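No lab work stands behind these numbers, since they all come straight from the coordinates. From a predicted model like this one, the values you see are computed outputs, not experimental measurements. Here Cβ is always computed from backbone atoms with ideal geometry, including for glycine, and neighbour counts include all displayed protein chains.
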Amino acid sequence: MQPRRSERVTEQLREELAELIENEVADPRVDLVNVTRVQLSGDGKSALVLISPQAGEGREAELLRGLEHAKGFLRRELAVRLQLRYTPDLRFAIDHGPQNAERVETLLQRINKRTRKPLTVVLLCLSAGLVRGEWLRYESSAYAMGSTYTIAAYGEDRSQLSAGVEAAFNEVRRIDQMLSNYMAASELSEVNRDASDHPVLASPEFFRLAEKCQEYSRQSEGAFDWTVGPLMHVWGFFRDSGRLPGKDEIQEALKTVGYQHVHLDPAERTVRFDLEGVELDPGGIGKGYAVDRMVAVLRESGVERALVSAAGSSIYGVGTPPDEPRGWRIRIRDPKSEEVTVAEVYLKDMSLSTSGSYEKFFEAEGKRYSHLMDPRTGFSAPGMLSVSVLAPQTLDSEAWTKPVFINASEWTRAHLPEGLRAFVCEESKPCYWTPGAPGSL
């Protein structure tokens with residue numbers, strides 16, 4: 001198997017196994033499990049699945065027995081979902097890496113290696129040598145909503161830190177139950193399934209989020225649009241790394257794309273589509289919303305110093321680390337080279353989100369096509385390499401990376417909301433801040 005295809009297949013296997021184990025395996029022995037890595041054999045016929053049990057080491061043997069018992073079911077489901085030439089034989093083992101990590105930076109690098117996706121931001125200032133006095137550091141990661149979430153927290157009480165971090169992870173799992181487009185019973189799936197037939201009563205939380213998404217679409221003149229799902233399907237970015245569709249396919253998908261097809265009734269708190277085939281896709285805001293909710297839970301739990309990261313692309317700094325009063329020092333990578341730093345910021349009760357064409361793309365007929373689609377044209381946005389947005393809320397920073405990326409710099413200077421700043425990397429010029437350099441935030 002070619003290296004690039006092997007990496008893509010292993011990531012697909014990891015994502016599907018994580019979703020199946022979390023939502024489809026009913027064995028009580030299999031509970032609260034992170035699928036951290038998958039190692040596929042050269043011929044693709046066997047796979048070592050590395051897992052991290054969140055409940056501790058005392059139940060590892062029982063967990064492995066439960067997974068072995070579920071192996072036949074998991075292989076059958078993988079055969080249907082992925083349609084590989086070979087559905088690999090599965091072997092399960094414990095991955096002790098996250099529990100034994102010495103530094104947050106090392107943990108983030110390990111996540112980077114196992115997801116095969118370059119991290120957008122890297123934490124620079126946090127290391128064991130910087131802990132002074134009574135400060136304790138607690139760090140952990142969990143997989144949910146198709147991404148790896150990482151928390152590094154400081155405090156004086158380890159049990160309080162542990163409880164706060166676990167509560168934050170439980171919160172992101174709850175949000176996954178609401179926003180997952182893989183779970184038939186999720187609120188999002190219910191809306192997508194029924195809203196073209198009749199108005200669907202939404203929960204207060206879902207309705208507030210829907211109102212925010214509609215507002216992002218209006219403010220961005222349609223560059224942000226959470227009905228973009230049909231385009232992601234036709235371009236092959238929904239489960240795979242992409243394909244070049246025909247113009248007729250794109251035009252057919254565009255018929256059901258457009259936030260104007262979504263109608264919200266605040267009095268009745270209902271969601272309705274005026275066209276069959278409309279589909280809401282939370283991919284452009286889900287991680288940001290989850291990070292904000294995790295931050296809220298950490299604060300409610302008494303955790304006042306923490307860094308929360310979703311897949312390295314949406315990140316929030318709670319308070320400051322013990323050694324740096326300016327905040328959590330973050331570097332932004334050069335979109336052309338992961339090793340090169342093009343900007344640094346300090347996050348103090350502030351978020352940073354990044355979208356880049358290097359995250360998911362394919363090349364065809366001499367051109368590069370990325371997953372960052374212009375919902376109005378049906379094609380990848382040209383000319384831009386990456387965009388990072390600083391904002392007080394991660395929901396805002398993640399949502400606004402898309403309009404800035406798609407609409408480009410002149411539009412951004414005129415329309416970026418007050419209190420937000422964007423770091424823009426275009427193909428033809430050096431990276432720059434707009435409206436200006438952020439200093440320490």
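Considering only Pro204, Pro53, Pro282, the Gaussian network model of the chain with Cα springs below 10 Å gives its largest mean-square fluctuation to Pro204.
Applying the criteria of a DSSP loop state and at most 13 other Cβ atoms within 10 Å to the trypsin sites (Lys or Arg not before Pro) of the stretch 202-252 yields Arg239, Arg243. Hey, what did the stretch 306-441 get for relative contact order, percent, Cα under 8 Å, at least 6 apart? Contact order relative to length: 21 percent.
Between Glu410 and Glu363, the FRET efficiency from the beta-carbon distance, with R0 = 30 Å, is close to 0.60.
Computed from the coordinates I sent, P(r) over Cα pairs in 10 Å bins from 0, in percent equals one of (i) 4, 19, 29, 24, 13, 5, 3, 1, 1, 0; (ii) 4, 16, 22, 21, 16, 12, 6, 2, 0, 0; (iii) 4, 21, 31, 28, 14, 2, 0. Tell me the label. Label (iii) holds the value from this structure. Once you've got the Cα coordinates, tell me which of Lys255/Lys287; Lys336/Lys367; Lys45/Lys71 are over 21 Å apart. Cα-Cα > 21 Å for Lys255/Lys287; rest within.
DSSP assigns beta bridges within the chain; of those with both partners inside it, close to 90 percent run antiparallel. Which of the aspartates and glutamates could a cross-linker bridge to Lys429, judged by Cα under 13 Å and excluding same-chain residues fewer than eight apart? Partners within reach: Asp334.
Assuming R0 = 45 Å, can you tell me the calculated FRET efficiency for the pair Ser428 and Ser46, based on Cβ-Cβ distance, to the nearest 0.05? Calculated transfer efficiency: 0.45. Net charge dipole, the chain: roughly 1200 debye, given to the nearest 20, about the Cα centre with Cβ charges of +1 for Lys and Arg and -1 for Asp and Glu.
Looking at the chain as a GNM with Cα springs under 10 Å, which of Arg193, Arg272, Arg85 has the largest mean-square fluctuation? Looking only at Arg193, Arg272, Arg85, the biggest GNM fluctuation is shown by Arg85. For the stretch 250-286, backbone nitrogen atoms closer than 20 Å to the point 7 Å from Asp194 Cα along Cα-to-C-beta are found at 262-282. Site pair Val80 and Val340 shows an inter-label distance of 4.8 nm when each label is modelled 7 Å from Cα along Cα→Cβ. Of the GluC sites (Glu not before Pro) found in the stretch 257-332, the ones in coil according to DSSP and having at most 10 other Cβ atoms within 10 Å of their Cβ are Glu276.
Entry note, the chain: relative contact order of 13 percent, from Cα contacts under 8 Å with a spacing of 6+ residues. Quick check on the stretch 316-441: take the gyration tensor over C-alpha atoms, sort the square-rooted eigenvalues as a ≥ b ≥ c, and tell me if it's rounded (a/c under 1.5), prolate or oblate. The shape class here is prolate. Based on alpha-carbon atoms, the Kirkwood radius and the radius of gyration of the stretch 236-323 give Rg/Rh equal to 1.15. Taking Glu365, Glu19, Glu77 in turn, the Gaussian network model of the chain (Cα-Cα springs below 10 Å) assigns the largest fluctuation to Glu365. Using just its DSSP H runs of length 4 or more, each adding -39500 (n - 2.57), the chain gives a mean residue ellipticity at 222 nm of -11000 deg cm²/dmol after division by all residues.
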